[in-house]
Amino acid sequence: MNVGFIGVGYMGYGIAKNILKKGNNLFVIANKKREPIDKIVSDGAIEVKSYNELCEKNLDALFLCVTNTPIALSIAEKVSTLLKDNTLIIDVTTHNQNGSFQMEQIFSKQKINYIECPVMGGPVQAEEGVCGGIVGASEENFKKSEVYLKTFCKDYFHFGAVGKGAKSKLLNNFLSLGTATNVIEFIKSAKKLDIDLEKLFCSSKIRIWELNSFK
């Protein structure tokens with residue numbers, strides 16, 4: 001298949017590398033950092049110089065993996081009128097609450113199918129192809145996307161329509177940050193109270209085991 005990729009960077013490189021591994025033709029466009037572009041080209045990707053050139057490659061799918069919603073919206077406005085209408089957009093960008101809705105509206109005006117798939121994991125997991133995908137899409141588009149999601153995800157979950165993916169990812173982020181904050185405050189409080197951390201952790205494990213035994 002012919003796959004375009006915008007955003008070969010911190011996370012995008014690993015995802016793009018796994019798309020290549022499955023024998024797809026991968027077309028990438030340069031961004032601010034040359035290193036990941038040079039690496040993916042050395043892996044076998046083809047670099048293009050403009051959105052026009054990218055969209056002329058008869059793309060079956062186009063990946064977006066950019067920093068935030070405003071950047072993604074700007075790109076969507078530029079490429080939506082250039083793509084053929086049977087291209088599937090797979091948006092890996094972590095959007096704000098309404099970002100993916102706005103993205104879908106832009107592409108739907110041109111009758112282009114769109115799915116959101118923010119991921120769980122980091123660059124290492126992306127390169128190993130074991131990310132977790134949080135998908136928001138119609139049932140039909142979700143089924144179309146699976147052949148691509150399998151290239152870089154160990155597991156992926158369809159949460160419902162576009163918007164559900166972004167909201168689920170934000171909740172996951174909230175849980176992670178909340179847990180990290182609790183652990184940090186736990187350690188700071190122990191130090192302030194001059195409590196032996198090693199013994200405290202051991203006693204905490206016992207307490208967790210006690211709580212689990214009531215289930």
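The values are calculated or read from the model by the stated rules, or taken from the named source; none is laboratory data. No experiment lies behind these values; they were computed from the predicted model shown. Neighbour counts run over all protein chains shown; Cβ positions are idealised from the backbone, glycine included.
Taking region 95-122 as the range and being in contact (Cβ under 8 Å) with a residue 24 or more places away in the chain, part of a loop (DSSP other than H, G, I, E, B) and out of contact with any Lys or Arg (no Cβ under 7 Å at 6 or more places or on another chain) as the test, the residues that pass are His95, Asn96, Asn98, Lys109, Gln110, Lys111, Ile112, Cys117, Gly122. Residues that are of a type in the set (Ser, Thr, Tyr) and within 17 Å of the chain's Cα centre (by Cα) within region 29-81 comprise Thr67, Thr69, listed in sequence order. Here Asn52, Asn58 are screened, and the one residue that is in contact (Cβ under 8 Å) with a residue 12 or more places away in the chain, on the phi > 0 side of the Ramachandran plot, surrounded by fewer than 21 Cβ atoms within 10 Å (Cβ to Cβ) and not charged (D, E, K, R) is Asn58. If the condition is being among the β-branched types (Val, Ile, Thr) and surrounded by fewer than 21 Cβ atoms within 10 Å (Cβ to Cβ), then region 76-104 contributes only Thr81. The combined condition, being over 17 Å from Gly163 (Cβ atoms), modelled with pLDDT of 95 or more and surrounded by 15 or more Cβ atoms within 10 Å (Cβ to Cβ), is not fulfilled by Phe107.
With respect to (1) surrounded by fewer than 20 Cβ atoms within 10 Å (Cβ to Cβ); (2) over 13 Å from the mean Cα position of the chain (by Cα); (3) in a helix (DSSP H, G or I); (4) not aromatic (Phe, Trp, Tyr), the lone exception for Gln125 is condition (2). Exactly one of (1) buried (at least 24 other Cβ atoms within 10 Å of the Cβ); (2) within 21 Å of Ala45 (Cβ to Cβ) is unmet by Gly133. Its number? Result: Gly133 fails condition (2) only. Residues in region 176-183 include at least one that is under 20 Å from the mean Cα position of the chain (by Cα), in a helix (DSSP H, G or I) and at pLDDT below 85. Residues of region 12-36 that are in contact (Cβ under 8 Å) with a residue 60 or more places away in the chain and either touching a His at 6+ places or on another chain (Cβ under 7 Å) or of a type in the set (Lys, Arg) (or both): Lys17, Lys21, Lys22. Name the residue, out of Lys191, Lys144, Lys199, that is within 30 Å of Asp60 (Cα to Cα) and either assigned to a helix (DSSP H, G or I) or modelled with pLDDT of 85 or more (or both). Going through Lys191, Lys144, Lys199 in turn, the sole match is Lys144.
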